[in-house]
1. As an exercise, find the ratio Rg/Rh for the range 13-59 from alpha-carbon atoms, using the Kirkwood inverse-distance average for Rh.
2. For the range 31-91, just the Cα set please: Rg and Dmax, both in angstrom.
3. Could you give each residue of the range 82-90 its phi-based ³J(HN,Hα) in whole Hz, using Karplus coefficients 6.51, -1.76, 1.60 with θ = phi - 60°, and x for Gly or Pro?
Amino acid sequence: MPDWDHLKSGAPELQVALVRRAVDRRDADRERCRGCRRTPLVGERVYLGPAGAVYCELCRAHEGSESALESRVVHGPEFGHTMRLTDHRAA
């Protein structure tokens, strides 16, 4: 049976505040589209505009900023930390 007095004591408020702070920190590190403020998905192509502005495919086409400096594919957090096994046996 749950202890209702413990639930009323403010512990859930502290938990909610800690989770919100962690989410805010995590969101601050993510890059977002300059046009729609959406976080690009893994595998999606993004375009880097002047001054490092990031645009998704839809906003680039919508805003008519065809003069993007460069484009790249968004990688997941495991990018660069995985190993590719190759078969070195004689055929």
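1. That ratio equals 1.14.
2. 16.4, 54
3. With the stated coefficients, the range 82-90 comes to 9, 10, 9, 8, 10, 8, 9, 6, 5 Hz.
Read-outs: derived from the displayed coordinates by stated rules, not from any lab. Owing to the predicted nature of the structure, the values given are computational and were not obtained by experimental measurement.
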